[in-house]
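Below: one structure, written as C-alpha cells.
The values are calculated or read from the model by the stated rules, or taken from the named source; none is laboratory data. Values in this document were obtained by computation on a predicted structure and should not be read as measured data. Positions of Cβ are backbone-derived with ideal geometry, glycine not excepted, and every protein chain shown enters the neighbour counts.
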Amino acid sequence: MAFLAVVFVLFFAGNKRQKTSRQPIARSVPVPAWDPDNEALHPQNLRPAVIGKIGTVVPKPFSKATALRLLFPGNYYHRFPYKEEGAFDVVAWSCKQCRPTTILSRYDDMKIIFPDTLNVTEAADTLCFTDDSGKKHIIMSLATHGNLDYLIDIRIGHFESVAMGLAWFTEQGDRWVLKNFNPCVGDHGANQTLPPLHLVRLGNNNFGCYIVDGTNAPGGVETDDLYVFGLVHGVPKLLLHEQDVNRKYTRISSRWSFELKPVKGSDSAFMPIDVVQQGVNSKYGDEDAFDWADHPKGLSRQQLAQDSLNFKIVRRFQFGNGRYKKVSDRVSVKPITKH
C-alpha cells in the first residue's frame, strides 16, 4: 500500500478545499477533431494541483466525458476505436512536476511507472448508488496507459493492462461534486481496458466497489481475481485482493465461482466480509483428460486425493490497519460418484 500513499501525497499536496463558488465548473471545451492523416495524440503538461481537484463540479446530467476533461485538463480527443464500435473520449497529458512512483504489473513482476512521461486517460465505467442517508453518489473508474501511438493500438494486446484510478462524486442540488480521488489504485484490466465496477456494502453507511479481473489469455483456462476498493481516510484504496475466485473453461471439469457476502449485524464502518466459493474439483475433463494443474485453495490433501467432489469454501475477512485480512476458512465437500 506504500505506493498508493505516495501517489496520494504527490497529487494532493497543496490541493486544499475551496468554497464551492470558486470550484471549477464544466464549460464548453473544444475537442480536437479526429484527423485520419494525423492520429498521434499530443500530451499537455499539467501541474499536480489541477489533477483530480477535490470540489470539482460536474453539472447534471452526469457525463463521463465532461468529468474526464475536468479531472485531467489536458488535451482532449474524441476518438473512434479501430472496430468503429462508437466514439469515446481520451485525454493526453504529462506531469513534469510529479515524482513518478512504481506499481507492479498484474501479469508479471515488471514494474510500471505512474504517471509515465506520456499518458492517455479514458473514463471507463460509472456506478451510481444511494447511501443509507439518502445521498446519491457516483463512482467512476479511469484507465491510464502510456500508449500515445496511433489510434488502432488503443484496443489491442491482451496483456496490456492499465493504471486504474477512482473518482467519487456526490450529488449536491443540480451538480455532482468530486469528494474523493485517487489517480492510481493499481494495475488492472486487459486490452488497455478495465473490468466493470460492482457495488459492495462495506459497513454502516459505507459503500465501496469491486472488480473481477481475468488473468489468462484466450484459449486457456480462465481464472479471475477479486479486488475490493473503498475509502480509507477519504482516499480510494485497495482493501482486499483474493486470487482465483473464479475458474472456467468449457472443456475442463474443474470449475468454480464466487459470491461476495458482507456479514450483517455489525454497526462498524467496515463489517466482516465472506468470500464464498462453490464448484467442482475434478481430476478428469470431458474426455477424461488429466486436469490437475490447479485446485481451489483451502482443500486438504485427503480431499484433493478424491477424483471428483463438489465443494464450498467460505473465507472470512476482517478489516484492520486499512486492509481486509483473512481470519478463517470453512470448507465443506461432497464426493461425486463417477458412473
Residue in the stretch 293-331 that is modelled with the lowest pLDDT, counting only those that are surrounded by fewer than 11 Cβ atoms within 10 Å (Cβ to Cβ) and not charged (D, E, K, R): Ala293
Please go through (1) in a strand (DSSP E or B); (2) modelled with pLDDT of 95 or more; (3) not charged (D, E, K, R) for Thr223 and return the number of the only condition it doesn't satisfy. (2)
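Scan the stretch 120-128 and give yes if some residue there is part of a loop (DSSP other than H, G, I, E, B) and in contact (Cβ under 8 Å) with a residue 12 or more places away in the chain, otherwise no.
Within the stretch 120-128, none of the residues are part of a loop (DSSP other than H, G, I, E, B) and in contact (Cβ under 8 Å) with a residue 12 or more places away in the chain.
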Output the number of the condition that Glu242 fails; it satisfies all remaining conditions of (1) of a type outside the set (Lys, Arg); (2) modelled with pLDDT of 90 or more; (3) buried (at least 17 other Cβ atoms within 10 Å of the Cβ); (4) in contact with a Pro (Cβ under 7 Å, 6 or more places away or on another chain). (4)
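Okay, residues lined up against (1) assigned to a strand (DSSP E or B); (2) closer than 12 Å to Val200 by Cα:
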{"residue": "Gly230", "(1), (2)": "yes, yes"}
{"residue": "Lys237", "(1), (2)": "yes, no"}
{"residue": "Gln243", "(1), (2)": "yes, no"}
{"residue": "Lys261", "(1), (2)": "yes, yes"}
{"residue": "Ala269", "(1), (2)": "no, no"}
{"residue": "Gly279", "(1), (2)": "yes, no"}
Tell me, please, whether a residue that is modelled with pLDDT of 95 or more and closer than 21 Å to His188 by Cβ can be found in the stretch 261-275. yes
Reported set for the stretch 163-218 where residues are within 21 Å of Asp274 (Cα to Cα) and of a type in the set (Val, Ile, Thr) is Val200, Ile211, Val212
Val31 vs (1) under 17 Å from Thr121 (Cβ atoms); (2) surrounded by fewer than 19 Cβ atoms within 10 Å (Cβ to Cβ); (3) touching a strand residue (DSSP E or B) at 6+ places or on another chain (Cβ under 8 Å); (4) modelled with pLDDT of 50 or more: all pass except (4)
Please identify the pairs in which a residue from the stretch 167-181 that is in contact (Cβ under 8 Å) with a residue 40 or more places away in the chain has its Cβ atom under 6 Å from the Cβ atom of a residue that is part of a loop (DSSP other than H, G, I, E, B), counting only partners at least 6 apart or on another chain. Asp174/Lys60; Trp176/Phe62; Leu178/Ile54; Leu178/Thr56; Asn180/Gly234; Phe181/Gly52
Can you tell me which of Pro61, Pro81, Pro73 is modelled with pLDDT under 95 and in the same structural domain as Val120 (by TED's automatic domain parsing)? Pro81
Quick one: in the stretch 162-201, which of the residues that are over 23 Å from Leu104 (Cα atoms) and among the polar types (S, T, N, Q) is farthest from the chain's Cα centre (by Cα)? Gln172
Against the condition β-branched (Val, Ile, Thr), at pLDDT below 95, in contact with an Asp or Glu (Cβ under 8 Å, 6 or more places away or on another chain) and surrounded by 19 or more Cβ atoms within 10 Å (Cβ to Cβ), how does Val90 come out, does it pass? yes
